[in-house]
Amino acid sequence: MNYDTLFSKVVSRSKASAIRELLKVIARPDIISFAGGLPAPELFPVKEVSAILQDVMRTHSKEALQYGTTEGQQVLKTELVKLLKETEHVSVTPEEILIVSASQQALDMSARMFVNEGDVIITANPTYLGALQAFQVAGADIIGVDSDEQGLLPEALEQQLLSLKKQGRLCKFIYVVPDFQNPTGTTIPEERRVQILDLAKKYNTFILEDSPYRQIRFEGKPPRTFLELDNNHGNVLTMFTFSKVFVPGFRLGFLVGPKEVIAKYVILKQAMDLCTSPFLQLVAAQYLHRGLLAQHITEIVTCYRAKRDLMLKTLHQYMPQGVTWTKPEGGLFLWLTLPKHMNATQLLSKAIENKVAFVAGVDFYPKLNVYNDMRLNFSYPDAAQLVEGVKRLAQTIKENL
Ligand SMILES: Cc1ncc(COP(=O)(O)O)c(C=O)c1O
């Protein structure tokens, strides 16, 4: 049987994620990995989750084990309404929230909701690889707009929007990861967010805000979310996830937006998976209800801040001249730039020989071929691995300068 003649266009457009492929190669225990975006497993709240699992089975087993509504379990939505009010000063109704199987599903759905083959989506240059993958599958024409150490540049964005307008093309949405961006670790300041939002309004498009790292802030004051800045004017859809602040294994997240738009997402989700696991939603609702999330975030922030500090200090100590890196105020990543003539993709195989791994930057650009950056994760390795890994990486760079 030759399946090649039978596959759909979607399959032919699907590209394996460089990161997920790499994670398979570097699973060897002797390799120190800065490649994944994984939370530190030693911080998982195992005891608390075990207790809640048992309580949910004792008290709500019928609801937990049954199919749920596509919109999501009401108890979880009620907790999320409270959470958004308390932490983000945003008032939403349950109808403005859709529970999703983590934010990757919201990205996939957003592409299906808005993109016909060839439609334009604007992202920052560089941006989250998994979003690019989801948008590519939908056949989007992804246009990257340059960014600096404060994220997407409004001037470059306006230039692009104007050029599209002149061509009679619509930008379906502007995708942003405004807080401690994956991959660069940069945060868009509030003033710039206002400018970006104004541009979305001016050019009749909306902001797709994806903020998995927002609560992992080590210092400084958080700028308001695009969601809050929009003040219910309907120009922003925002997704949050439990993956980075609680557990990724639950595959739980939520999308917030105007209720008419959320209702359309619900219909799409019906066809995709009927519903997100009711059992895990009930567990997450209890976790929130007991006030455990805030407590857990305090713990992970303390741990990741120490890891970030250690990585910055060690980079400073060992990296050769000409190598620079971002200094993120939160999140899980920093972005390291090699001298222009170096190629991080080629360096990776040498690094793996030296038993350290990272993700080469080129995969985070929708179109540009920029080869001298890499993403480093600091949340997963322990302190000794962080130091040793940076030493090995610095050594590899020096050997190939
Ligand atoms: C910016 C961004 N969006 C979305 C995701 C997907 O996360 P999840 O599907 O676990 O919520 C990630 C994961 O690394 C991410 O960095």
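The numbers here are math on the coordinates, done by the rules we state, and not lab data. Keep in mind the model is a prediction, meaning the values are calculated, not measured. Don't worry about glycine lacking a Cβ; one is built from the backbone with ideal geometry, like all the others, and counts go over all protein chains shown.
Numerical summary
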{"read-out": "Net lengthening on full extension, Q54/K165 (0.36 nm per residue, minus Cα-Cα)", "value": "34.3 nm"}
{"read-out": "Per-residue HN-Hα couplings for the range 274-287 [Karplus 6.51, -1.76, 1.60; θ = phi - 60°; Hz; x = Gly/Pro]", "value": "6, 6, 7, 3, x, 4, 5, 5, 5, 5, 5, 4, 5, 4"}
{"read-out": "Under 5 Å, built H, 5+ apart or other chain: amide partners of F218", "value": "G330, G331"}
{"read-out": "Shape category assigned to the range 1-82 from the gyration tensor of Cα positions, a/c cut at 1.5", "value": "oblate"}
{"read-out": "Alpha carbon centroid spacing (whole Å) that separates the range 309-365 from the range 79-147", "value": "27"}
{"read-out": "Amide H partners (placed H, <5 Å) of N372, local residues excluded", "value": "A344"}
{"read-out": "Sequence-distant aspartates and glutamates (8 or more away, or on other chains) whose Cα lies within less than 13 Å of K9", "value": "E117"}
{"read-out": "Order of C303, C275, C171 under a 10 Å beta carbon neighbour criterion, fewest first", "value": "C303, C275, C171"}
{"read-out": "Gain upon complete extension [T302, N232; 0.36 nm per residue less C-alpha separation]", "value": "21.8 nm"}
{"read-out": "Using alpha carbons only: equivalent-ellipsoid semi-axes of the range 64-291, gyration tensor based, whole Å", "value": "28, 20, 15"}
{"read-out": "Local electrostatic count, A344, Cβ distance below 13 Å [Lys/Arg +1, Asp/Glu -1]", "value": "+1"}
{"read-out": "Surface/4 estimate of mean projected area, convex hull on alpha-carbon atoms of the chain, nm²", "value": "21.1"}
{"read-out": "Theoretical ellipticity at 222 nm over the chain - DSSP helices of four or more residues, -39500 (n - 2.57) apiece, nearest 500", "value": "-14500 deg cm²/dmol"}
{"read-out": "Cα-projected label distance for A16 with D198, points at 7 Å along beta-carbon direction, nm", "value": "4.7"}
{"read-out": "Cα gyration tensor, the range 114-165 - rounded (a/c under 1.5), prolate or oblate", "value": "oblate"}
{"read-out": "Centroid-to-centroid separation of the range 1-75 and the range 226-267 [C-alpha atoms, Å]", "value": "19"}
{"read-out": "Fraction of beta bridges assigned by DSSP in the chain that are antiparallel (%, nearest 5)", "value": "50"}
{"read-out": "Filter on K77/K264; K77/K269; K82/K172; K15/K313; K166/K340; K85/K327 - keep pairs with C-alpha separation over 26 Å", "value": "K82/K172; K15/K313; K166/K340; K85/K327"}
{"read-out": "Separation of the Y3 and E155 label points, Cα + 7 Å toward Cβ, nm", "value": "5.0"}
{"read-out": "Charge sum, other residues only, whose C-beta stays under 12 Å from Q195's C-beta, Lys/Arg counted +1 and Asp/Glu -1", "value": "-1"}
{"read-out": "Student exercise, the range 185-260 dipole from Lys, Arg, Asp, Glu Cβ charges, in Debye to nearest 20", "value": "140"}
{"read-out": "Cβ-derived FRET efficiency at R0 45 Å, K391 paired with D273, nearest 0.05", "value": "0.50"}
{"read-out": "Footprinting exposure proxy for M374, M311 (fewest neighbouring C-beta atoms within 10 Å first)", "value": "M311, M374"}
{"read-out": "Neighbour-count order for E219, E71, fewest beta carbons within 10 angstrom listed first", "value": "E219, E71"}
{"read-out": "Other-chain or far-sequence residues with amide H under 5 Å of V145's (modelled H)", "value": "T123, A124, N125"}
{"read-out": "Positive-end extreme of charge dipole, the chain - chosen from V356, S110, N125 (charges on Cβ)", "value": "V356"}
{"read-out": "Net +/- balance of residues flanking G291 in space, Cβ distance below 14 Å, scoring K and R +1, D and E -1", "value": "-2"}
{"read-out": "Estimated vicinal HN-Hα couplings, Hz - the range 65-79 in sequence order (Karplus 6.51, -1.76, 1.60; Gly, Pro = x)", "value": "9, 8, 4, x, 6, 5, 5, x, 5, 4, 4, 6, 4, 4, 5"}
{"read-out": "Estimated vicinal HN-Hα couplings, Hz - the range 306-321 in sequence order (Karplus 6.51, -1.76, 1.60; Gly, Pro = x)", "value": "4, 5, 4, 4, 5, 5, 4, 5, 6, 4, 4, 5, 10, 6, x, 4"}
